[in-house]
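I have placed the structure first, in the form of structure tokens, so that the comments after it can refer back to it.
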Amino acid sequence: MSQSIAAPASAVTRPRMSFAWLGVMPFLLFALLFLVLPTMQIIVGSFRNAAGEFTLDNIINLFQPSIMAAYWISIRISVASALLGCLVGFLMAWAMVLGGLPVWLRSPMLTFSGVASNFAGIPLAFAFLATFGRLGLVTLILRDWFGINIYGMGFNILSFGGLTLTYLFFQIPLTILIMTPALDGMRREWREAASILGASPFQYWRMVALPILWPSLLGTFALLFANAFGAVATAYALTGSSLSIVPILLFAQIRGDVLQDPHLGYALAFGMIVITGIANFIYIWLRARSERWMK
């Protein structure tokens, strides 16, 4: 009868910490210093007063009419830019993947989308002021060559519509980047099977393609909403204080110009974290559902 021989203690291999962890240490340190710790400070500060005592007054003060109006304008701009970004970006992605455009166009379009989706802040605000401002290039061309005065028709780059238009510059490319893989996952067999069963192209998209792509579209909308809701540099550089939205109120609080109450500023930031957190959770959940469909 064979007997099992226990290995000597010296022969037992002990797990060693991989040096590969050193490669992610800068990322972990960056996330800790600029994401985790500031978020914890905002959450704790939202429930403290100037004396460091626990209070709910800061959260209650968020329901002031001026602050609620700022949240409402921010939500409206985010919804408008997300809807238009999803619509235009999806149509552009469809034209590139399934619409029969030349194959060579795909690489430069995706490259530009990758750059434009991260182009924001002061450079983007200046670009749109130089293009659609009162003395902007497009404004003057439309006025002098075609007799169309867009400012006389009510357009203003420093308004709700102007800020929404500016946000579309990075919302549309972001939609293209997200929806292109989803459209690539649409199998040709699905269209062929629908055609064999007598479905028209409209019926195929209404009953097959769109239900499959719907989680990706909703997830993209949620991500674009969060992306626009948290944008501060572009909005402040473009409109200054002429448009009262939450990021501008928060920026003014950080500078100490308006609210003069840092803990109310923490509460403002906490409200933004809650709203963007919900939007990102919806995006992650719908993205997971979409990936299961594609498999």
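Helical runs (DSSP H, four residues minimum) scored at -39500 (n - 2.57) apiece and divided by the length of the chain put the mean residue ellipticity at 222 nm at -22000 deg cm²/dmol.
Think of each Lys and Arg Cβ as +1 and each Asp and Glu Cβ as -1; about the Cα centre, that makes the dipole of the chain roughly 720 debye.
With equal scatterers on the alpha carbons only and no solvent term, can you work out the Debye log10 of I(q)/I(0) for segment 78-189 at 0.22, 0.23 1/Å? So the normalised log intensities are -1.13, -1.17. Taken along its principal axes, the alpha carbon cloud of segment 157-282 reaches lengths of 68, 30, 19 Å, longest axis first. Per-atom-type breakdown for the chain gives carbon and sulfur 70% of the accessible area (1.4 Å probe, protein chains only).
Quick one: if you stick a label point 7 Å off each Cα along the C-beta vector at residue 105 and residue 43, how many nm between them? Computed distance between label sites residue 105 and residue 43 equals 4.7 nm.
Projecting label points 7 angstrom from Cα along Cα→Cβ for residue 189 and residue 54 puts them 5.8 nm apart.
With r defined as the distance between the Cβ atoms of residue 278 and residue 20 and R0 fixed at 51 Å, what FRET efficiency is calculated, to the nearest 0.05?
Values: r = 34 Å, r/R0 = 0.67.
In this case the efficiency is close to 0.90.
Considering only protein heavy atoms, with the full assembly of protein chains and a 1.4 angstrom probe, order 56, 135 by accessible area, largest first. Walk me through the numbers before you get to the answer.
On the way: 56 90, 135 145 Å².
Output order, biggest surface exposure first: 135, 56.
Each of 74, 218, 50 was scored by the projection of its Cα onto the charge dipole of the chain, and the greatest displacement toward the positive side belongs to 218; charges sit on the C-beta of Lys, Arg, Asp and Glu.
Centre-to-centre separation between the Cα atoms of segment 47-76 and those of segment 89-164: 35 Å.
Taking amide H as placed 1.01 Å from N in the peptide plane, residue 48 has its amide H under 5 Å from the amide H of 55, each at least 5 places away in sequence or on another chain. Per-residue SASA remark: residue 131, around 40 Å² accessible (1.4 Å probe; ligands, DNA and RNA not included).
What full-extension length gain, to one decimal in nm, is calculated for residue 285 and residue 244 as 0.36 nm per residue of separation minus the Cα-Cα distance?
Values: separation 41, 0.36 × 41 = 14.76 nm, distance 3.17 nm.
So the chain would gain 11.6 nm between residue 285 and residue 244.
Each of 21, 102, 268 was scored by the projection of its Cα onto the charge dipole of the chain, and the greatest displacement toward the positive side belongs to 102; charges sit on the C-beta of Lys, Arg, Asp and Glu. Looking at segment 64-294, the accessible area is 52 square angstrom per residue; that uses a 1.4 Å probe and ignores ligands, DNA and RNA. Span-like helix check, the chain: qualifying full DSSP H segments, with Cα axial length of 20 Å or more and mean Kyte-Doolittle of 1.6 or more, are 65-97.
Please list the three semi-axes, largest first and in whole Å, of the ellipsoid equivalent to the chain, using sqrt of 5 times the eigenvalues of its alpha carbon gyration tensor. Before the final figure, lay out each step's value.
Working: eigenvalues 317, 257, 73 Å².
The three semi-axes for the chain are 40, 36, 19 Å.
The values are calculated or read from the model by the stated rules, or taken from the named source; none is laboratory data. What you are looking at is a predicted structure, and each value in this text was computed from that prediction instead of being measured. Using ideal geometry, Cβ is built from the backbone for each residue, glycine included, and neighbour counts are taken over all protein chains shown. These area figures cover heavy atoms from the full protein model, side chains too; ligands, DNA and RNA do not enter into them. Shrake-Rupley method; radii C 1.70, N 1.55, O 1.52, S 1.80 Å.
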